[in-house]
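Have a look at the structure below, then the notes.
The values are calculated or read from the model by the stated rules, or taken from the named source; none is laboratory data. This is a predicted model, so every value here is computed, not measured. Virtual Cβ from ideal backbone geometry, glycine too; neighbours counted across all protein chains shown.
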Amino acid sequence: MLDAIILMLTDQLGPFGPLLAVGIVGMFLILMTLPFLLKKRVDPMAKLRDANRQSQSGEETKHLRHGGSGKDKLEKYSDFLEPQDEEEYSAIRLKLIQAGYRGKTVVRTYHFMQFALGVGLLVIGAISAIVLKTTGEPTTQNLILTILGPGIAGYMLPKYWVTKRQQKRQEEIINGFPDSLDMMLVCVEAGQSLDQSIVRVSKEIRAGFPALADEYEMVANEMKAGKDRIQVLRDMSERAGVADVSSFVTVLIQSASFGTSIADALRVYASEMRDKRVLRAEEKANTLPTKMTLATMMLTLPPLLIILIGPSIYKIIETFKTANF
């Protein structure tokens, strides 16, 4: 009977038919056993670890958190959805924070989206492969790609989305940082303290650079809460993930350590940031000719050749036609 089933699968699905059938059956068995695995009792040490994580992130701005104040539905699956390695958990959480997702459950939600999209699109791919097999004669390679392709794409989609959000947010911070330094310098020279200057700058630049305004507002709130200023600035540098902000934080820390004027440090650093922004603009402008070379050749050269050589080719063709007659 087993030989007959293998022969039937080979006739229907090709040489890799039995292997493909075993893979589909295994996938459905995994989906059937997942609810039982996810309902396992929570380890008391895991509860304590989650409580420590929540207490560490509890001081971050509440209005930026995603989700309501109710109980998280994915909390009982935290052992399955969150990395148990503290270093890996911190790296993923930092990347999500740099992308603008600051909620205390973002790591859990991120892995849930990867799992849900991966499994969901994998099932859709398996159904598509079955439909494709019944309506035609696809090759084994096409069947495997039809099944695994959507699943891999669904698993990688949240990672791609977070990476693009992180890059876009960092670019916004880089573009708005020189203007914010000029604004901060004006506030400091007008007699305001650094804390008051940060609050004022966060309000003024929100219309143009909301991501940078959120960072400044968080710094102001943490300073009001009594957190150490140096640690607050270092946390801002880590959250932003931008080299310019890291250098700015280093300048402020050194200025506070050596007792130099903050206004002088801001003036020098703001001038450097303006020059750096001009250099970035010039660099982008200098790369335009190289990028436009291919388009210029494809769009300009063919019409030019047609205009120059076209009449000659037409006359040659007419001459051959006349000679044949």
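So which residues in the range 133-160 are among the hydroxyl-bearing types (S, T, Y) and surrounded by fewer than 17 Cβ atoms within 10 Å (Cβ to Cβ)? Result: T134, T135, T139, T140, Y160. Among the residues making up the range 249-289, those that are of a type in the set (S, T, Y), free of Cβ contacts under 8 Å to residues at least 40 places away in the same chain and part of a helix (DSSP H, G or I) are T250, S255, S257, S271, T287. Can you tell me which condition F115 does not meet? The list is (1) within 30 Å of I92 (Cα to Cα); (2) exposed (fewer than 15 other Cβ atoms within 10 Å of the Cβ), and all the others hold. F115 satisfies every listed condition except (2). Whether any residue in the range 219-232 is within 18 Å of R169 (Cβ to Cβ) and in a helix (DSSP H, G or I) is what I want to check. Yes, the range 219-232 has at least one match.
Restricting attention to the range 233-247 and to residues that are charged (D, E, K, R) and either within 19 Å of the chain's Cα centre (by Cα) or outside any helix (DSSP H, G or I) (or both), the residue that is surrounded by the fewest Cβ atoms within 10 Å (Cβ to Cβ) turns out to be E238. Put simply, of R229, R200, R206 the only residue that is among the charged types (D, E, K, R), closer than 26 Å to P178 by Cβ and at pLDDT below 85 is R229.
Out of the range 161-191, which residues are acidic (D, E) and buried (at least 19 other Cβ atoms within 10 Å of the Cβ)?
Filtering the range 161-191 for residues acidic (D, E) gives 171-172, 179, 182, 189.
D179 - this is the single residue of the range 161-191 that is acidic (D, E) and buried (at least 19 other Cβ atoms within 10 Å of the Cβ).
Working only within the range 266-325, note down all residues that are of a type outside the set (A, V, I, L, M, F, W, C) and under 19 Å from V245 (Cα atoms).
Passing the criteria: R267, Y269, S271, E272, R274, D275, K276, R277, R280.
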